[in-house]
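S.K.: Before anything else, here's the structure in question.
Values quoted throughout were computed directly from the atomic coordinates according to the rules given, and no laboratory measurement underlies them. Source: prediction; values computed, not measured. Cβ atoms come from the backbone with ideal geometry, glycine included; neighbour counts cover every protein chain shown.
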Amino acid sequence: MRTQNAVVEARRNTFKAPKPDAVRLLAFDLITEVNRNEGYSNLLLPAALNASSLEDRDRNLVTELVYGTLRMQGKHDWILAQISDRPWAEVDPGIVDVARMGVHQIHELRIPDHAAVSATVEVARKRLGESKASFVNALLRSVTRKSYEEWFAPLAQIADRVERLSIQYSHPHWIISAYFDLLKDWQAVEAELATNNVPALPTLVSWPGYSTQEELVALGAEPTIYSQLGARLKGNPGNLDLIKHRLAGVQDEGSQLVATVFAAAATGKSWLDLCAGPGGKAALLSSIAKERGIDFIANEVSEPRADLVRKVVHGATVWCGDGRDIATHDQRFDAVIIDAPCTGLGALRRRPEVRWRRTLSDLRELTSLQRELIDSAVAVLNPGAILGYATCSPHLAETTVQVLDMLKKHPELEQLEIGEFLPDNLQDAVRGKSMSLWTHKHGTDAMFLALLRKK
């Protein structure tokens, strides 16, 4: 016979709150891993989706919740800070992340208020506990008391243009200022900010000798505009046999152009990729080198990333070590490319958390590292060798200034006019003598490439 307590417990279970859905729980867990443990969304999300049994519709929602919430968190924080009865910077990080996810559903995805609030509160209840869930509930219900238009109407009254754009497009002030330093036009800056908030389709790259652009197109992809090796895919690249068997890769068109333009200028019989991880450019360059009978070596400082490189360079030599110590190998090269560690301001569409993770202090540290890598590369160049200096950032300090400093410090170098190596249809992509792509102009990551020759 059942006890009275058992009967009460059974009745209580009948009236439990609805279970939080798997989609939002997974999204919250990934957002937390990125924001609190410095994970990378572009690595964590695909791995999590591949390990899940979610249907395509749910996978798409997870993707938008993760990338979208990370991307727009500055905009969401502006609203939440006005509502919170305590300073937003002092609020529990878990509450911050789940509240941002709730606002994203309400304002950006336009999910009905009741559904967005109740589903998000259940995530908070499951992951954070009842008391914190109550706070989240209060926050989100306050958000719903005004329309999107009512919340953002005051933006027009903000006189400081950088402040206004920072809220509207969810970018830190220093990035907006950096864009203006280069573009010198607020309309162009705004176009770049807006484009950064539009998710990019996966871009495939064929590797010469292993696959072709035509094969990618035959699989339903659309050929890229400037790269003769790429194609954009509406779908999951991981489902393609060419990708599974490592006969082709996933690589932004801008990165493809960095590799192919460098290869067009490079000569000789020995090439080095000084900072090769995780292997996108190394895979493409190694396949080009193999077709030309050129010895190709890739170097990467991190052993796990070096392993990734080994998987895609089809037997080419991979060294694991600090690029600043490359001279210890006692080997010289006819061409060296430095895809330098940088702020990543040119790839904000694909790595939404970068805009919040990088700071001006990071910029100072990175430019110092870039200079050291340049010095190291110059030391192993043969006479007549080509040096390619690339960043996935347009920032002046990481691009033009570095090139000018390089030429001043190393008079044995001369910069080449990059225009003669660019695709004929690539317009408005030259800054000085270097290639400078912009997302809003070219639909690529905002890559930079300078070519130099050792006299």
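S.K.: Can you tell me the mean projection area, over all orientations, of the convex hull of segment 147-190's alpha carbons? Units nm², please.
M.R.: 3.1
S.K.: Let me ask you something else. Find the eigenvalues of the gyration tensor of the Cα atoms of segment 203-250, then list the square roots of 5 times those eigenvalues as equivalent ellipsoid semi-axes, largest first, in whole angstrom. Before the final figure, lay out each step's value.
M.R.: On the way: eigenvalues 40, 32, 13 Å².
Square roots of five times the eigenvalues give 14, 13, 8 Å.
S.K.: Another one. Roughly what angle does helix 173-183 make with the longest principal axis of the chain, taking Cα atoms, 0 to 90 degrees, to the nearest 10?
M.R.: The two axes meet at around 40 degrees.
S.K.: How large is the direction-averaged shadow of the alpha-carbon convex hull of the chain, in nm²? List each step's numbers first, then the result.
M.R.: Values: hull surface 104.9 nm².
Projected over every direction and averaged, the Cα hull of the chain covers 26.2 nm².
S.K.: How far apart, in nanometres, would the label points at Asp56 and Arg145 be if each is projected 7 angstrom from Cα along the Cα-to-Cβ direction?
M.R.: 4.3
S.K.: Rounding to the nearest 10 and keeping the result within 0 to 90°, find how far the Cα-based axis of helix 73-83 lies from the longest principal axis of the chain.
M.R.: 30
S.K.: On to the next question. Take the chain, mark every one of the GluC sites (Glu not before Pro) that falls in a DSSP loop and has at most 10 other Cβ within 10 Å, then report the longest stretch left between them, sites excluded.
M.R.: Values: sites that count: Glu38, Glu55.
Between exposed loop sites, the widest span is 56-455.
S.K.: If a paramagnetic tag sat 7 Å from the Cα of Glu303 along the Cα-Cβ line, which residues of segment 315-350 would have the backbone N under 20 Å from that point?
M.R.: Output list for this probe position: 317-326, 329.
S.K.: Given a cut-off of 28 Å, name the pairs among Lys433/Lys454; Lys269/Lys311; Lys244/Lys290; Lys311/Lys409 whose C-alpha atoms lie farther apart than that in the structure shown.
M.R.: The pairs that break the limit, which is 28 Å between Cα atoms, are Lys311/Lys409.
S.K.: Can you give the percent of C-alpha pairs in segment 205-290 whose distance is more than 18 Å? Could you put the intermediate results ahead of the total?
M.R.: Details: 1411 of 3655 pairs.
When every Cα pair of segment 205-290 is considered, 39 percent fall beyond 18 Å.
S.K.: Taking the Cα-to-Cβ direction at Glu420 and at Val401 and moving 7 Å from each Cα, how far apart do the two end points lie in nm?
M.R.: A separation of 3.1 nm, rounded to one decimal place.
S.K.: Between Val430 and Leu25, how many nm apart are label points set 7 Å from Cα along the C-beta direction?
M.R.: 5.8
S.K.: Hey, another quick one. Of Phe28, Leu45, Gly74, which is farthest on the positive side of the dipole of segment 11-148, counting Cα position, with +1 on Lys and Arg Cβ, -1 on Asp and Glu Cβ, and the Cα centre as origin?
M.R.: Toward the positive end, the furthest listed residue is Phe28.
S.K.: Compute the relative contact order of the chain as a whole-number percentage, counting only Cα pairs closer than 8 Å that sit 6 or more residues apart in sequence. Could you put the intermediate results ahead of the total?
M.R.: Working: 739 pairs, mean separation 55.7, N = 455.
Dividing the mean separation by the residue count of the chain yields 12 percent.
S.K.: Give, in nm to one decimal, the length gained when the segment between Thr267 and Glu38 is fully stretched (0.36 nm per residue of separation minus the Cα-Cα distance). Each step should come with its number before you reach the end.
M.R.: Numbers: separation 229, 0.36 × 229 = 82.44 nm, distance 4.00 nm.
Fully extending the segment from Thr267 to Glu38 adds 78.4 nm.
S.K.: Right, here's the next one. Please compute the length gained on full extension between Arg332 and Ile158, using 0.36 nm multiplied by the number of residues separating them and subtracting their Cα-Cα distance. Intermediate results must be reported in sequence, preceding the final value.
M.R.: Numbers: separation 174, 0.36 × 174 = 62.64 nm, distance 5.64 nm.
Residue separation times 0.36 nm, minus the Cα-Cα distance, leaves 57.0 nm.
S.K.: What fraction, in whole percent, of alpha-carbon pairs in segment 251-454 exceed 27 Å separation?
M.R.: On the way: 4606 of 20706 pairs.
Tail of the P(r) past 27 Å holds 22 percent of the pairs.
S.K.: Between Asp241 and His314, what is 0.36 nm times their sequence separation minus the Cα-Cα distance? Round to one decimal in nm. Before the final figure, lay out each step's value.
M.R.: Details: separation 73, 0.36 × 73 = 26.28 nm, distance 1.66 nm.
Fully extending the segment from Asp241 to His314 adds 24.6 nm.
S.K.: What percent does the relative contact order of segment 251-454 come to when contacts are Cα pairs within less than 8 Å and at least six residues apart? Could the numbers behind the result be given before it?
M.R.: Numbers: 405 pairs, mean separation 46.0, N = 204.
Result for segment 251-454 is 23 percent.
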